[in-house]
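**Student:** The structure is given below, and queries will be raised subsequently.
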Amino acid sequence: MADTPTDTFTVSWTAMADGTVEDYAQLSKIFESHGRETLVGHLLSVMRLLEGPTLGYQIDRERHCRQSATRALRNGESDEFVVAALLHDIGDVLAPDNHSGVAAAIVAPYVSSETEWVVRHHGLFQGYYYFHHLGGDRHARERYGESPHYDRCVDFCASYDQNCFDPAYDDLPMEDFVPLLEQVFSRPPNYTA
Ligand SMILES: [Fe+2]
Ligand SMILES: [Fe+2]
């Protein structure tokens, strides 16, 4: 089957139930190529939404994310872990009450289960540094003590999150991370949904 440019193929129907095998082969091809071509740009657009208000901290959340990724990069972490660090708070502007879950869902198809687990649980683990100041349990993360990823998540928060609010740190610009984003998000997905 010849390639079909995205601007020359349109289905003849208006209800998905009426589609054919050939239609869905074309649609899948278009969707995959379009999604891959635009994904990193969309992620960067959302990251820009984290710029601006510092919300009481000394730096904004976009810089916090770049500082996290910069520290991970300079510590020799893997490409996917640097990308995970860069995006770990992308959910702040999309799901403030579930920001860890949003970031985890974004990276999940392209990274290891450990990296996904760290991103998914970093919010709770980060609570070790402040939950007790709000009347909560700073040790809440210990409920995951049996997880093989527990120590990795503890280290993420200690090395790449709680300490990444420093206006004096020479964090790298976003463009330095674009090749890593392109590389990780062009991997064959572990699954699709
Ligand atoms: Fe976070
Ligand atoms: Fe963070």
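Throughout, read-outs are computed from the coordinates displayed, never taken from laboratory work. Predicted model, so just to flag it, every value in this text is computed and none were measured. Every residue, glycine as well, gets a Cβ built from its backbone with ideal geometry; the counts of neighbours run over all protein chains shown.
**Student:** Which of the chymotrypsin sites (Phe, Trp or Tyr not before Pro) across region 110-164 are loop residues per DSSP, with 16 or fewer other Cβ within 10 Å?
**Tutor:** Details: sites: Y110, W117, F125, Y128, Y129, Y130, F131, Y144, Y150, F156, Y160; in loops: Y130.
Counting only loop positions with at most 16 other Cβ atoms within 10 Å, the chymotrypsin sites (Phe, Trp or Tyr not before Pro) in region 110-164 are Y130.
**Student:** What FRET efficiency do you get for A168 and L27 if R0 is 45 Å and r is their Cβ-Cβ distance, rounded to the nearest 0.05? Intermediate values should be presented prior to the final figure.
**Tutor:** Numbers: r = 51 Å, r/R0 = 1.13.
E(calc), rounded to 0.05, equals 0.35.
**Student:** Let me ask another. Gaussian network model of the chain, Cα springs within a sub-10 Å range: biggest mean-square fluctuation belongs to which of L134, L86, L172?
**Tutor:** L134
**Student:** How large is the Kirkwood hydrodynamic radius of the chain, in angstrom, based on all distinct alpha carbon pairs? Present the calculation step by step, with values, prior to reporting the outcome.
**Tutor:** Working: mean 1/r = 0.0544 Å⁻¹.
Computed over the chain, the radius equals 18.4 Å.
**Student:** Between helix 150-160 and the chain, what is the angle of the helix's C-alpha long axis to the longest principal axis, kept within 0 to 90° and rounded to the nearest 10?
**Tutor:** Orientation of helix 150-160: about 80 degrees from the principal axis.
**Student:** Which semi-axes, in whole Å and largest first, does the equivalent ellipsoid of region 84-193 have when worked out from the alpha carbon gyration tensor as the square roots of 5 times its eigenvalues?
**Tutor:** Computed over region 84-193, the values are 24, 19, 13 Å.
**Student:** Let me ask something else. Going through region 10-53, which GluC sites (Glu not before Pro) have at most 16 other Cβ atoms within 10 Å and a DSSP loop state? Write down the numbers at each step before the final one.
**Tutor:** Values: sites: E22, E32, E37, E51; in loops: E51.
The qualifying sites are E51.
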